[in-house]
Amino acid sequence: MSLIASCPISPGTSIVPSLPFMLFGSDSVSRILLKEPTCVFVDSTDLVNMTSFVLTSIFPNGTCTSTSWSKISNAEKWCFEETTSEIAIFRDDIFAGYSEVNPEWRAAVLLFLAKKSLTGRQKQLQNQILNLGDCSDGNVLSLIDDVSVKASAACPAYVLVPNGRVVDGNDSPSICPTIAVRGSSVGVNPSKIFDRVIHE
């Protein structure tokens, strides 16, 4: 497909992922080919200035509509138009001079979910507790402070953790995002859950 000149896109790889999937803002992906209507949840910290980061809906006729990071993050979730066939990513020079050994490299995270799986409330924010009887809007949380999470095999929780967030008073970001689990009322030890996530 040939694109009109006003469709901003950065150099990188084209992918055809299965939903759900996530990217860091620094990942070298330029185009995401969609199999179904898709929504994105984003989160970032002030380690990097994301104002020039753009996601663009590309339609089958080659036309496009662009949306800025700030508009997407203010909306809490962003659903692309149903006729979107591809999403183009434009990073500008936000991550220039950084690599995977720098905290800035993982300071922005994007989570893509199938639109059909999202109903009800928006992304849960600081100190809000999920309606524990309802798997609402993908069960997506931004980990700004302590949050209560309910998850199950039928309703997994997605916790967005960009690098640079303060955890337990540790204000020195490592090169990887961190999360602290203070307690659990589930039948599985949290360390086993995260061990499975890391190794699968």
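Every number here is computed from the coordinates shown, using simple stated rules; none is lab data. Since we're looking at a predicted model, the values are computed, not measured. Backbone-built Cβ (ideal geometry, glycine too); neighbour counts: all protein chains shown.
Where in region 7-25 does the label zone of GLU100 land, with the point 7 angstrom along Cα→C-beta and an amide N cut-off under 18 Å? Correct set: 12-14, 22-25.
Among the GluC sites (Glu not before Pro) within region 36-92, which fall in a DSSP loop and have no more than 15 other Cβ atoms within 10 Å of their own Cβ?
Details: sites: GLU76, GLU81, GLU82, GLU86; in loops: GLU76, GLU81, GLU82.
Those that pass, being in a loop and sparsely packed, are GLU81, GLU82.
If R0 equals 30 Å, the separation of the Cβ atoms of SER70 and PHE21 corresponds to a calculated FRET efficiency of about 0.85. Going from the residue with the fewest nearby Cβ atoms within 10 Å to the one with the most, MET50, MET22 rank MET22, MET50.
The loop-placed chymotrypsin sites (Phe, Trp or Tyr not before Pro) in region 34-118, going by DSSP, that have at most 16 neighbouring Cβ atoms within 10 Å of their Cβ come out as TYR98.
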